[in-house]
Amino acid sequence: MDKLHNSKVGHWADRLAVDNEDGLTTAQLMLTNNDLKPVEPERRQWGAWNFVGFWIADSFNINTWMISSSMIVAGLSWWQSWLCVWIGYAIAAVFICSTGRIGAMYHIGFPVVGRASFGIWGSLWPVFNRAAMACIWYGVQSWIGGECVYLMIRSIWLSWDRHTIPNTFAPDSGATTADYASFFIFWFCSLPAIWFPVHKIRHLFTVKAYFVPCAGIAFFIWAIVRAGGVGPIVRQPASIGGSELAWQMVKGIMNSIANFATLIVNDPDFTRFAGKPRDALWSQLFTIPIGFAVTSFIGIIVSSSSVVIYPGTDPIWDPLDLLEKFIDDGGSAQRFGVFVIAAAFALAQLGTNIAANSVSAGTDMTALLPRFINIRRGGYICALVGLAMCPYTLLTSSNQFTTYLSSYSVFLSSIAGVMISDYYVVRKGYLEIKELYDARKSGPYFYTFGIHWRAYAAYISGILINVVGFAGAIGRDVPIGATYIYNVNFFAGFIVSSGMYWGLCKLFPIPATSDRWMEVGDAITDVRLAYDGSSHQDFDEEAVMGSKYGENPKTV
């Protein structure tokens, strides 16, 4: 009976297993599948303009509007908010290009990059951390997409009203039955988009890059016209001053960076599909600050215009709330305009959710259970988690939204600090790709039981520097110094973790490093991972002569 049971379990395990290279050991099956392997040349289809389209498409989403609009709610003037956006996203672009370079050069994603610094098994915690954040964000972005669907339906039938439809949610929950039904419609209609492989979804971003900005600009012009021109909007001064104004600007910059905290860590998931490393450099470095600054400018002006259009009210930080007011006080033509803009925003949310969340979570979950999960399956798991959570609780106010942004930025900044310090300072660009898939104790990335203690010491240090300040952000009494540190939480976590990692590696040297700059990844054409005699890593061996492995020169 036991044999029959075991045979059935084995049969279904084989049926559920994803495609993989033949000849791998059981341990290797826990480290790789076809979605985790280095991207082969025929799938490196992302050119520079694909990255431009990707970031333009990603910038036009409601979340970007909310971040910039929340600065207006916090008391900044329009130009102060916009200055924060430029500075914040320019800094974020530098970080993005720093991590993206690793993926573009070696054609590996974030879960594999993390093995070099955190260890073969130690990388699983950062990967799980990033996957959990992606699932939460998938729910949040889907909820915002559901609000777009709500506006589309209400533009057609005014009876679709959250205030008149019987509500089954608690009054203080932040949701109603109509809102949740709209959220479910958006969530359900998003499922087919998860099916497509990563190297093909670039076409979705191209379509989004043309359609959504047009709708955003139309909304921008519409708000200005209703406000009686730009003059009344730009003449509104900041409502705060002195040190409070200075710290609010710092928070605005940090919130802009926090919006990129997840993508800073996992940009290699996309750049690994780059045709050439330079395709992912200048296209990202310039498109990110320009694209997000333009989008944020629209959000800032629209939010500021709400005070002029509806005098006596607080600034409306959510542009969808302003569109709903347009439905309430307009005729059929105005409702048609709201429908078109809301449809464009729904597409924007779909593209952002796929790019920043489902693909990222899918890639991360692939590393957590590679024998049974690929990017597609991981994306659907992410969607299910996003449905099961309560995303509306994070969007009940601008303060709660920005507090959440800051809190998860703390954890991801420490991961980014370790990764960047490991690649650029400690290893000087040198990675032994095949060893990143090797579970044997003799491997250079196995460290201690597969876990790199130096990386974890640095990671925890980067978190601890912000812990007291985070307690203050959620309402506890803490020293003012801790609050100031937390106001620059991403920089504090990054600097401490990267510096600590470099110092520990200096005191306790690690293997597989180079004493001069040595990037060899782009010469790799194929990687065979099996331990038999046919395993090989094809590239020009002369490109890596003179590299350093421990104390001895080594070629791969």
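The values are calculated or read from the model by the stated rules, or taken from the named source; none is laboratory data. Here the structure is a predicted model, which is why all the values come from computation and not from measurement. Cβ: placed from backbone, ideal geometry, glycine included. Neighbour counts: every protein chain shown. Ligands, DNA and RNA are excluded from the accessible area calculation, which covers all protein heavy atoms including side chains. Shrake-Rupley method; radii C 1.70, N 1.55, O 1.52, S 1.80 Å.
Listing for the model above:
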item: Qualifying positions in region 309-330 - acidic (Asp, Glu) and not in a helix (DSSP H, G or I); result: Asp314, Asp318, Asp329
item: Residue count for region 115-132, restricted to those that are open to solvent by 20 Å² or more (accessible area, probe 1.4 Å) and either closer than 16 Å to Ala356 by Cβ or in contact with a Leu (Cβ under 8 Å, 6 or more places away or on another chain) (or both); result: 3
item: Unmet criterion (only one of (1) at pLDDT 95 or above; (2) of a type in the set (A, V, I, L, M); (3) touching a Pro at 6+ places or on another chain (Cβ under 9 Å)) for Ile433; result: (1)
item: Counted residues, region 316-347 - those being open to solvent by 40 Å² or more (accessible area, probe 1.4 Å) and either touching a Ser or Thr at 6+ places or on another chain (Cβ under 8 Å) or among the basic types (Lys, Arg) (or both); result: 4
item: Top-ranked residue in region 348-368 [being open to solvent by 10 Å² or more (accessible area, probe 1.4 Å) and more than 19 Å from Asn50 (Cα to Cα); ranked as farthest from the chain's Cα centre (by Cα)]; result: Leu368
item: Answer residue from region 28-52, given it is open to solvent by less than 10 Å² (accessible area, probe 1.4 Å) and of a type outside the set (A, V, I, L, M, F, W, C) and is modelled with the lowest pLDDT among those; result: Gln28
item: Condition check for Leu412: among the hydrophobic types (A, V, I, L, M, F, W, C), within 15 Å of Val113 (Cα to Cα), open to solvent by 50 Å² or more (accessible area, probe 1.4 Å) and modelled with pLDDT under 90; result: no
item: Flag if Trp187 is buried (at least 21 other Cβ atoms within 10 Å of the Cβ), aromatic (Phe, Trp, Tyr) and under 29 Å from the mean Cα position of the chain (by Cα); result: yes
item: Residue within region 146-165 that is surrounded by fewer than 20 Cβ atoms within 10 Å (Cβ to Cβ), of a type outside the set (A, V, I, L, M), at pLDDT below 95 and touching a Ser or Thr at 6+ places or on another chain (Cβ under 7 Å) present; result: yes
item: Single residue of region 501-512 satisfying the filter (in a helix (DSSP H, G or I) and without any contact (Cβ under 8 Å) to a residue 60 or more places away in the chain) that is most open to solvent (accessible area, probe 1.4 Å); result: Lys506
item: Residue match in region 290-299 (condition: open to solvent by 30 Å² or more (accessible area, probe 1.4 Å), part of a helix (DSSP H, G or I), modelled with pLDDT of 85 or more and closer than 25 Å to Ala131 by Cβ); result: no
item: Those helices (runs of 4 or more DSSP H) lying entirely in region 143-243 with at least 2 residues in contact (Cβ under 8 Å) with a residue 24 or more places away in the chain and of a type outside the set (A, V, I, L, M, F, W, C); result: 177-194, 202-226
item: Ser306, sole failed condition from (1) part of a helix (DSSP H, G or I); (2) open to solvent by 10 Å² or more (accessible area, probe 1.4 Å); (3) over 30 Å from Thr32 (Cα atoms); result: (2)
item: Only listed residue being assigned to a loop (DSSP other than H, G, I, E, B), of a type in the set (A, V, I, L, M) and open to solvent by less than 60 Å² (accessible area, probe 1.4 Å), chosen from Ala439, Ala457, Ala482; result: Ala439
item: Number of the exception - Arg376 against (1) at pLDDT 90 or above; (2) in a helix (DSSP H, G or I); (3) open to solvent by 60 Å² or more (accessible area, probe 1.4 Å); result: (1)
item: Residue under evaluation Ser81, criteria (1) open to solvent by less than 10 Å² (accessible area, probe 1.4 Å); (2) modelled with pLDDT of 90 or more, criterion not met; result: (2)
item: Unmet criterion (only one of (1) touching a residue at least 24 places away in the same chain (Cβ under 8 Å); (2) assigned to a helix (DSSP H, G or I); (3) closer than 26 Å to Cys97 by Cα) for Phe470; result: (3)
item: Subset of region 476-508 (residues that are at pLDDT 95 or above and farther than 18 Å from Val410 by Cα); result: Trp502, Gly503, Leu504, Cys505, Lys506, Leu507, Phe508
